[in-house]
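Right, one structure below, let's go through it.
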Amino acid sequence: MEKIIVWGTGKIADKLFPAINDEIVLVVDNDIKKWGTVWNGFTVQSPSVIRDYNGNFDRIVIASIHWKEIRKQIIEESGVESRAIDNMYYRQKQSLLNHYKKNKECDKEKYILFLEQHALDVFNDNFRHKYENLEMEVYFDSEKGLYYVYHNNKKMYFSAEFTKKEHVKRYYSFLLMEQDKDSPHRYQTDRFCVRPHDIVLDAGVAEGNFALDIIDLVDKLYLIECDKEWLRALKCTFEPYKDKVEIIEGMLGNGLEESKTIDEIIGNDRIDFIKMDIEGAEYEALCGGRQSLERNDVKLAVCTYHHVDDQKRIEKLLEKAGYETTVSDGYMIFITEEFLDREVYSPQFVRGLIRGERRR
C-alpha cells in the first residue's frame with residue numbers, strides 16, 4: 001500500500017477519494033482560503049509542507065484538470081521527481097499496468113515502460129513531451145469576442161468557452177500533439193493525404209485545424225459540427241473561404257434521431273476524402289454513407305479510439321464496401337473526467353484511427 005499526498009480538494013478530489021482514502025497521508029491545496037479547513041477528515045495544508053514529508057510518502061496524486069501545470073510547480077518548488085507524481089487517473093493507470101503485465105503484448109511494451117515513469121494521459125509516448133510548455137502567440141479579436149491563433153498562417157478562432165489565453169494554449173498544444181508525425185491520431189501521412197482539387201467531408205470539425213490544413217488544396221469542403229459554440233467560431237475562421245466551404249450544423253449518423261447522413265449531404269456529387277472524429281458515432285455515420293462509399297473512390301481517416309470494439313466493427317464495414325484498411329501506428333487511451341464517476345473503469349490501449357482506400 002502506497003503513502004499518497006493528494007493535491008486538490010475540489011469535485012475531482014471528491015470523486016477520487018473513495019478509491020484511495022486508506023492510502024492518504026496528507027492533503028494540500030494551492031487555495032490559501034482552504035488551508036486549515038477539513039476535507040474528508042484531513043486538514044488541508046499549504047503545498048510548502050511537502051518538503052517536510054521527504055521520504056514519508058510514495059506518490060503525489062494531483063486531483064485537477066490542470067495537473068500538468070501543477071506537476072511543474074511541484075517539481076520546481078519541492079524537488080519531487082516526475083515519476084512520483086500522478087494525475088486523477090492514478091487508479092486507472094494501476095489497473096492498466098496490472099492488466100498488461102499479466103497479459104504481455106510485445107507491441108505495447110514501450111507504452112507500459114513509459115507509463116511506469118509518467119502519469120496516464122491520452123498519449124503515452126515520448127513525443128508528447130515536445131508539446132509541454134510550448135510557446136505560442138494567442139490573440140483576441142475584440143470585434144468578434146473570440147480568441148484565435150495563427151494555424152499555418154491562417155486565423156483559427158476558438159469558441160467563446162475559451163475565456164483565458166492559457167486555456168487556448170493548452171488546447172492548441174494538444175491539437176498539435178494529435179497531429180505529430182508519431183501520433184496514433186494523425187489523420188494524414190506523406191502517402192495518405194488530401195490531393196489537389198479533392199472534395200472533402202470533415203465530420204467533427206471542432207476548431208477546424210484539419211480543415212485549415214487542406215483548405216488551399218481542395219475544391220469543396222463540407223464541415224459538419226453539432227456544437228453551437230464551435231459553429232460560431234468556425235464561421236469566423238472560414239469566412240474568407242465561403243466560396244468553397246459549406247458549414248452544416250448537426251450530428252452525422254445513420255439517419256435516425258434527427259442525425260444527418262453522408263448520403264444525404266453528398267447526394268449524387270463526388271466525394272474524395274472523409275475525415276471523421278465524432279465521439280464514437282463513426283460506425284453509425286459510415287452506415288449512413290454506404291451509397292457514397294460504393295459510388296466513389298474515397299480515402300477515409302476514421303477515428304476508432306472512443307470504443308474498444310470500434311476498430312473491428314469499422315474495418316469489417318469498410319472491407320465489405322470494397323475498401324482496404326490499415327490502422328495508424330501506435331496506441332492511445334480514451335479517458336475523460338466522466339470516467340471518475342464509474343466505480344470500475346479499466347482503460348485499454350486502442351488504435352487511434354483507421355485509414356481506408358478503395359481496393360484495387
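Gyration tensor analysis over the Cα atoms of the chain returns equivalent ellipsoid semi-axes of 41, 24, 18 Å (largest first, whole Å). Restriction of the trypsin sites (Lys or Arg not before Pro) in the stretch 96-153 to DSSP coil positions whose beta-carbon has at most 11 other beta-carbons within 10 angstrom yields Lys104. Note on the chain: helix-only mean residue ellipticity at 222 nm, from DSSP H runs of 4+ residues weighted -39500 (n - 2.57) and normalised by residue number, equals -8000 deg cm²/dmol. Helix 310-320 and the longest principal axis of the C-alpha atoms of the chain enclose an angle of approximately 10°. Scanning residues 5 or more positions from Lys299 or on other chains, those with amide H under 5 Å from its amide H are Phe273, Ile274, with H placed 1.01 Å from N in the peptide plane. The stretch 86-137 and the stretch 1-53 have Cα centres lying 24 Å from one another. Among the GluC sites (Glu not before Pro) in the stretch 141-170, those placed in a DSSP loop whose Cβ has at most 14 other Cβ atoms within 10 Å are Glu143, Glu161. Projected onto planes of every orientation and averaged, the convex hull of the alpha-carbon atoms in the stretch 131-237 covers 7.1 nm². Over all other residues within a Cβ to Cβ distance under 14 Å of Phe162, the charged ones net out to 0, with Lys and Arg as +1 and Asp and Glu as -1. Between the stretch 317-360 and the stretch 218-238, the C-alpha centres lie 25 angstrom from each other. In terms of overall dimensions, the stretch 55-128 has a Cα radius of gyration and Dmax of 13.0, 39 angstrom.
Of the trypsin sites (Lys or Arg not before Pro) found in the stretch 157-225, the ones in coil according to DSSP and having at most 11 other Cβ atoms within 10 Å of their Cβ are Lys164, Lys181, Arg191.
Hey, what angle do you get for helix 165-178 against the long axis of the chain, alpha-carbon based, 0 to 90 degrees rounded to 10? Between the helix axis and the principal axis of the chain, the angle is about 60 degrees. In whole angstrom, note down how far apart the Cα centers of the stretch 148-174 and the stretch 256-312 are. Using only Cα atoms to place each centre, the spacing works out to 28 Å. Computed over the alpha-carbon pairs of the stretch 148-203, the distance histogram in 5 Å steps reads 4, 15, 18, 22, 21, 12, 6, 2 percent, short to long.
Mind checking the full-extension length gain between Ser346 and Val38? Use 0.36 nm per residue of separation minus the Cα-Cα distance, one decimal, nm.
Working: separation 308, 0.36 × 308 = 110.88 nm, distance 3.10 nm.
107.8 nm is the gain from fully extending Ser346 to Val38.
At 1.4 Å probe size, with the rest of the protein present, what percent of the exposed accessible area of the chain is carbon and sulfur atoms? Could you put the intermediate results ahead of the total?
Numbers: 8170 of 17990 Å².
Solvent-exposed carbon and sulfur of the chain make up 45 percent of the total.
Computed from Cα atoms, the angle from the helix 90-102 axis to the main principal axis of the chain rounds to 70 degrees. Spin-label pair Glu166-Val308: with each label point 7 Å from Cα along the Cα-Cβ axis, the two points sit 3.7 nm from one another.
If the Kirkwood radius is taken over C-alpha pairs of the stretch 1-40, then at 4 °C and 1.567 mPa s the Stokes-Einstein diffusion coefficient equals 123 µm²/s. The simple Förster model, with R0 at 41 Å and r as the Cβ-Cβ distance, assigns Asp52 and Cys106 a FRET efficiency of 0.40.
Give the Kirkwood hydrodynamic radius (Å, one decimal) of the stretch 66-192, defined as one over the mean of 1/r across all pairs of different Cα atoms. Please report the intermediate quantities before stating the final value.
Working: mean 1/r = 0.0588 Å⁻¹.
Over the stretch 66-192, the inverse of the mean reciprocal pair distance is 17.0 Å.
The values are calculated or read from the model by the stated rules, or taken from the named source; none is laboratory data. Note that the structure is predicted; figures quoted are calculated from it, not measured. Here the Cβ is made from the backbone with ideal geometry for all residues, glycine too, and neighbour counts use every protein chain on show. In case anyone asks, the SASA skips ligands and DNA or RNA and just uses the protein heavy atoms, side chains included. Shrake-Rupley method; radii C 1.70, N 1.55, O 1.52, S 1.80 Å.
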